[in-house]
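Structure record follows, encoded as structure tokens.
The values are calculated or read from the model by the stated rules, or taken from the named source; none is laboratory data. Everything numeric here is computed off the predicted structure, so don't read it as measured data. Methodologically, a virtual Cβ is constructed for each residue, glycine included, from the backbone with ideal geometry; neighbour enumeration extends over all protein chains shown.
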Amino acid sequence: MGKTNYLIDMDGVLIKGNTIIPGADAFIDRLRSKGHKFLLLTNNPLLTPQDLSHRLQRNGLSINKDDIFTSAMATARFLHNQRPNGKAYAIGESGLMVALHEVGYILTDFEPDYVVLGETNSYNFEQVTRAVRLVNEGAHFIATNPDATGPTDHGIVPATGAMAALIEKATGRAPFFIGKPNPFMMRAALNHLGVHSEDTVMIGDRMDTDIVAGIQAGMGTILVLTGVTTREQINDYPYQPQRVFNSVAEIEI
């Protein structure tokens with residue numbers, strides 16, 4: 001058997017807002033020095049891998065764009081597999097728009113095949129209203145990730161899942177979420193890294209996305225307590241991580 005590979009969540013595991021989590025840089029350095037394959041697997045669809053890489057490097061993490069796989073990238077691949085060269089009305093930032101363009105999708109509000117909801121720092125009521133009307137007219141409703149909240153330097157903020165609930169309430173149609181814990185996201189990431197689930201460990205801070213996704217994909221699982229899930233909340237779930245650490249700084253490679 002080869003070396004263990006790692007899929008690593010980003011927000012709440014390596015970084016919180018614009019602040020590096022203590023020891024995250026040394027953890028990444030240990031992975032590289034010992035020859036482990038790894039991929040940052042994030043449900044955050046806001047930025048492109050290039051922009052995320054720049055953000056992380058600016059904060060002291062040596063991460064290249066090829067080390068990152070986002071829910072926006074997985075969403076674009078899903079749509080391409082379902083309906084190549086289709087049309088989508090998308091709400092989001094550059095991470096989602098660039099990923100959709102790269103697979104040949106046209107972004108339009110005229111008879112789109114899909115309404116694609118990502119994450120943005122400034123949801124526009126007119127955009128949301130348009131999305132509701134297009135879903136009611138028959139466009140399929142896709143969302144990049146189910147996270148209702150995300151961690152920042154100043155506490156949690158509403159995320160894609162919260163806005164998706166608003167559109168679902170207004171239309172009566174539930175979205176299909178692509179990001180963790182959807183098995184499509186996990187398979188796409190494993191294929192991107194070129195590894196098998198049996199030799200790979202998922203490291204995350206959320207029981208409801210990271211840990212359950214790893215378990216369902218047949219991977220090992222590590223929960224860190226630097227993000228959303230607290231130690232007291234772990235037993236609320238019917239599934240459990242294999243190991244729990246206060247932070248990635250404690251993980252021995």
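Taking the condition buried (at least 23 other Cβ atoms within 10 Å of the Cβ), of a type outside the set (A, V, I, L, M, F, W, C) and closer than 26 Å to Thr229 by Cα, does Gly155 pass? Judged against the criteria, Gly155 is not a match.
Return yes or no: is Thr129 closer than 30 Å to Met219 by Cα, β-branched (Val, Ile, Thr) and either within 15 Å of the chain's Cα centre (by Cα) or at pLDDT 95 or above (or both)? When the stated conditions are applied, Thr129 does not pass them. Is it the case that Thr108 is among the polar types (S, T, N, Q) and touching a Lys or Arg at 6+ places or on another chain (Cβ under 6 Å)? Judged against the criteria, Thr108 is a match. If you go through the range 161-213 and keep only what is in a helix (DSSP H, G or I), in contact with a Gly (Cβ under 7 Å, 6 or more places away or on another chain) and within 30 Å of Glu232 (Cβ to Cβ), you end up with Met185, Ser197, Asp210, Ile211.
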